[in-house]
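Nothing in this text is a laboratory measurement; each read-out follows from the coordinates by a stated rule. Because the structure is predicted, anything quoted here is derived from the model rather than measured. Glycine gets a Cβ as well: all are built from the backbone with ideal geometry, and neighbour counts include every protein chain shown.
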């Protein structure tokens, strides 16, 4: 049983329309390749689906631009004139914007004011006042932010200093608990007192200012048994 004839009209269902487009696009591309191989023809195809998807085919022996140039030569239609005019109009518009911006900058710097009337000068003055207010608000906000940051850093430094002082005090207490004392701060002789847990106490005095500390004799020392 053969397929029924399909009426050539727009397919209303979007899904069916997209499926039909994909199938027929594949068939057109296949026919274009066959024409290129069998007939040594130069073929260029450009397609856009209803969703804007782009598809193209061009013969391996040609490129799309050369095909367009040959089309212009044969038909006498300039395909690029409209695009060139659009580009020229866009360039002129950008130049006008650039001129206006440069003029505004010069006027905000106090230059080129001779051609302005009273209304324009008043408007320029108002714009400058508003801009100055925005800059001043931003400056005060930045100062406040930096001040808060410095306060936090200063507080952290004070806490670190206080912790160091506490550690120093703890080290002094530990040294005192271990029996280490220096009778004369100006003298480098040290006295180490050791207690063995009983009634015996040993005191050794060492003078580290001797020229050779690796010898057997360490200078004057005192060993007392109490």
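Label positions at residue 100 and residue 153, each projected 7 Å from the Cα along the C-beta direction, are separated by 4.5 nm. Note: relative contact order over region 1-141, using C-alpha pairs below 8 Å and six or more positions apart, is 9 percent. When you restrict to C-alpha pairs under 8 Å that are six or more residues apart and normalise by the size of region 14-79, the relative contact order lands at 20 percent. A straight line joining the Cα centroids of region 1-73 and region 82-114 runs 45 Å.
Counting every pair of alpha carbons in region 14-79, the share spaced more than 15 Å apart comes to 60 percent.
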